[in-house]
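Working notes, beginning with the structure itself.
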Amino acid sequence: MKRFALFFAVVLCLLACDRKSEVPQLREDNIDEIISAMTLEEKCHLLVGAGQKDVLDSAWQQVLDSCMNIVPGCAGVTYPIPRLGIPSIVMADGPAGLRISPLREGDSGTYYCTAFPIGTLLASTWNTDLVYRVGEAFGQEVKEYGVDVVLGPGVNMQRNPLCGRNFEYLSEDPLLAGKIAAAEVNGLQSNGIGACIKHFAANNCEINRLYCDSRVDTRTLREIYLKQFEIAVKEAQPYMLMTSYNYINGRYASEDPELTANILRGDWGYKGCVVTDWGAGQDPAAQVIAGNDNIQPGDGWQYEAILKAAQEGRIPPEAIDRNVRRILELIVKTPRFKGYEYSNKPDLQAHYELSREAATEGIVLLKNDAQGDEYDDEPLLPLVSGSSIALFGTGSYMTYAGGRGSGDVHTDHYTELPEAFTAAGYKLNEELDKTYRQWIEKEESRVGEKNRSNPWWIWPEAYRQVPKEVMGPVALSASKEAQAAVITIARVEGEGTDRHVKDDYLLTAEEYEMIDIVSRHFHAVGKQVCVILCVPAPVEMESWKDKVDAIVLAWQTGIEGGGPIVDIVSGKVFPSGRLAQSIPVSYQSVPSQNFPALELNTGKNDSFYRKSSEKLYEMPNVDYINYEEGVFVGYRYYSTYNVPVSYPFGYGLSYCNFKQSLLNAGIRNGNVEVEVAVENISTGTQSGKEVIQIYARSNAADSPALELKAFLKTELLESCDADSTEHKYLLSFPVSELASFNSEQSAWIAPAGDYKLFLCKDACTVIDSVSVHLDKDFRQDVSRSLDTAPVFIK
């Protein structure tokens, strides 16, 4: 018996020793234990993406390389630590749809994704419920293709119409951008995957994006360039946030603790993980200290720099542990950590249909009337079903689902306009169609191979327009046979380069000529002309808008291409999109005249040609940009200084007529509340959606004439013939939205007093106004900025 007792004592002792030697495995509830079990080297590795090269261990390098192939074509992965059960999680690009490789070596399957409408078009819906549904569908593809975090949406301000990535971004207004972004993030993350909003902050150009210094005063930074991030963080808590490439007031955004620690986490209460943009910054140790939890895509020198700084005490141990904790907190929330068995088979067909629905709701009808009394003021649109139309412009035969670079999506199909019109029962002019198809084939042979072989940051060379000596006769012939003309202007832009004024923001000489020739021939025989703009950003319209009868701003509609455009033009869906930015009369009237393209109009992104740890020179609007317009961005400038625009922010026509009435307004329980009635006063059976826009005027000095404070997209409202009901809506926003930022006091302040509210059709059209009274001062103190004002170099 004593022998057995001794035997069991030895066994229990061995088991106890074995348990002590067990290595903990990561769980949701043992992150502290895991951090304690990690070596310093493991912690430093986790802070850097698995793109790092570990040349000392070729076997381990193979492990890292295999992580990048968990989902081929992904953008980046985190560093795995199998010893502690820490997996590598996958991040992929995705401003307008998941960007992964559609084909894989040795695999007969396909991995195509849905190209959803570009961000600008989604913002033009002014419909947060619809955008949530888009995010929900988008997130399902992310999850089913095995991706854990999608790198989007992009929420930077559309400060200037020439920014090459404006198509990824949402609006010139921070409230609209923030609300749309929050809706998309909430939809994405309803699937259990993460969204990553970007690029934090003041990242408003592409030329020299790795070195350019955005010099912006604190009030402007808070009210314009940070506000949309604040809204998205507070209303959606994205799993991840990406810092930007640029400097802000002399300091790299990714190396600035004021942004990531004081403002993002301190003032806004952000709980997620912060990641650098790919290759951003120069000092990995400074990035860690500032609160960038993960450096992507990662390289060995960054790991070595962090490890050395930690060993020398230049990075406090608590900063290392803090960042490691945030990465682990992200990892344990992901589908990969939870063992989700992704199918690689998302419901693409349902997503194509939703993409088409979203696109139709964001297309903006800018003009729909007639030229002269001979038309009896009959609007051209909607086009009569089954009518004969003449399609002009290479853009009618070659449009783009979205932008280039990280915003590009690999799709299994794309519907061009001719196919969409034919499918809807319209008849194309055969002679004209033949002429354009032959011309497109010729242009493809000229530039197609070059465009396909160019690196991602070089935009494709556009197809030239049919020469006027050919255009004139075919336009004359088509005007005799077709019932209407449709001209399409198409553009593409993308990451890496900014737009030019000439032949991009401005139409080309051939495009102006085409509009003139077609309009003259068709108007001469009493027929009308519609221009469709398939563009990623605004183009000049003032010089030619009076020559045509209808203008449809389609933006870039995603995978369904021409389908949603024809849905609008045919009247299958009534237009309800509203501009999320102003359309200026000319580029010279844009308030943000300090912009790189005016100085470096070479078509090259200087960032890719001068790698250095030091800035090489101080060239205005290349190495630095003075944001001298301050808070007067977009409509804030035009409305305050009475500068004419071609089409104002918030503008958009419908085939319906709506009446809006301001019923009541007041301040209750810390919120400003406005009650509005909307009625569809159209006759017949016309049903449509309306957008309610509420603006306010700040009482602070040097403030805009009005600023958007609340908006709402109605449901489908039937005409008064079918429904005589007056629909009432209550819009509200917190009193804090009346405040302006006081840089000297580092606080948001709204003094007690009367505040003017405006019910508007758009930023230039006030329907009604009312005053509300704030009984006592509002004040919200925030972290004091390190730099209260930029140093403007003239």
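Observations, loosely collected:
- Residues that are buried (at least 19 other Cβ atoms within 10 Å of the Cβ) and among the hydroxyl-bearing types (Ser, Thr, Tyr) were ranked within the stretch 695-713; the one that is nearest to VAL678 (Cα to Cα) is TYR695.
- So LYS427, is it open to solvent by 40 Å² or more (accessible area, probe 1.4 Å) and within 31 Å of the chain's Cα centre (by Cα): no
- Checking every residue in the stretch 205-226 against the condition of being in a loop (DSSP other than H, G, I, E, B) and touching a strand residue (DSSP E or B) at 6+ places or on another chain (Cβ under 6 Å) gives zero matches.
- Qualifying residue in the stretch 506-515 (condition: within 25 Å of the chain's Cα centre (by Cα) and either at pLDDT below 95 or open to solvent by 20 Å² or more (accessible area, probe 1.4 Å) (or both)): yes
- Pairs where the first residue, in the stretch 158-172, is basic (Lys, Arg) and the second is open to solvent by 10 Å² or more (accessible area, probe 1.4 Å), C-beta under 7 Å, 6+ apart: ARG165/GLU495
- Meeting the requirement of 2 or more residues that are under 22 Å from ARG222 (Cβ atoms) and not small (Gly, Ala, Ser), the strands (runs of 3 or more DSSP E) wholly within the stretch 660-771 are 671-680, 691-696, 707-713, 727-734, 740-742, 747-750.
- So TYR145, is it aromatic (Phe, Trp, Tyr) and open to solvent by 30 Å² or more (accessible area, probe 1.4 Å): no
- Residues of the stretch 729-748 satisfying the condition of being under 17 Å from GLN780 (Cβ atoms), in contact with a strand residue (DSSP E or B) (Cβ under 9 Å, 6 or more places away or on another chain) and open to solvent by 40 Å² or more (accessible area, probe 1.4 Å): PRO734, ASN742, GLN745
- Screening MET157 with (1) part of a loop (DSSP other than H, G, I, E, B); (2) open to solvent by 10 Å² or more (accessible area, probe 1.4 Å); (3) not small (Gly, Ala, Ser) gives one miss only, at (2).
- Of all residues making up the stretch 9-40, the number that are at pLDDT 95 or above and open to solvent by 80 Å² or more (accessible area, probe 1.4 Å): 7
- Criterion (part of a loop (DSSP other than H, G, I, E, B) and β-branched (Val, Ile, Thr)) met by exactly one of THR497, THR488: THR497
- Of all the numbered requirements in (1) open to solvent by 20 Å² or more (accessible area, probe 1.4 Å); (2) touching a residue at least 12 places away in the same chain (Cβ under 8 Å), TYR252 misses one, and that requirement is (1).
- The set of residues in the stretch 633-658 that are in contact (Cβ under 8 Å) with a residue 40 or more places away in the chain, open to solvent by 20 Å² or more (accessible area, probe 1.4 Å) and not hydroxyl-bearing (Ser, Thr, Tyr) comprises VAL643, PRO644, VAL645, LEU653, PHE658.
- Extreme residue, modelled with the highest pLDDT, among residues of the stretch 73-92 that are open to solvent by 30 Å² or more (accessible area, probe 1.4 Å) and within 22 Å of MET240 (Cα to Cα): PRO87
- If only residues of the stretch 402-424 that are charged (D, E, K, R) and closer than 19 Å to CYS530 by Cα are counted, the one that is most open to solvent (accessible area, probe 1.4 Å) is GLU419.
Condition check ((1) in contact with a Lys or Arg (Cβ under 9 Å, 6 or more places away or on another chain); (2) touching a residue at least 24 places away in the same chain (Cβ under 8 Å); (3) polar (S, T, N, Q); (4) closer than 27 Å to ILE180 by Cα) across all residues:
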| position | (1), (2), (3), (4) |
| --- | --- |
| GLY85 | yes, yes, no, no |
| MET91 | no, yes, no, yes |
| PRO102 | no, yes, no, no |
| CYS113 | yes, yes, no, yes |
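- With respect to being open to solvent by less than 10 Å² (accessible area, probe 1.4 Å) and at pLDDT below 95, PRO575 falls outside the description.
- ALA752 falls short of the stated requirement of being open to solvent by less than 10 Å² (accessible area, probe 1.4 Å) and over 25 Å from the mean Cα position of the chain (by Cα).
- Evaluating ALA123 against the criteria (1) touching a residue at least 24 places away in the same chain (Cβ under 8 Å); (2) touching a strand residue (DSSP E or B) at 6+ places or on another chain (Cβ under 6 Å) leaves one unmet condition, (2).
- Residue in the stretch 460-503 that is most open to solvent (accessible area, probe 1.4 Å), counting only those that are in contact (Cβ under 8 Å) with a residue 24 or more places away in the chain and among the acidic types (Asp, Glu): GLU481
- Filtered residue count, the stretch 665-674, keeping only those that are open to solvent by 50 Å² or more (accessible area, probe 1.4 Å) and under 31 Å from the mean Cα position of the chain (by Cα): 1
The values are calculated or read from the model by the stated rules, or taken from the named source; none is laboratory data. The shown structure was predicted, so the numbers you read here are calculated from the model rather than taken from an experiment. When we count neighbours, we look across all protein chains shown, and the Cβ atoms used for this are built from the backbone with ideal geometry, even at glycine. Accessible surface is based on the protein model in full, side chains and every heavy atom, while ligands, DNA and RNA are left aside. Shrake-Rupley method; radii C 1.70, N 1.55, O 1.52, S 1.80 Å.
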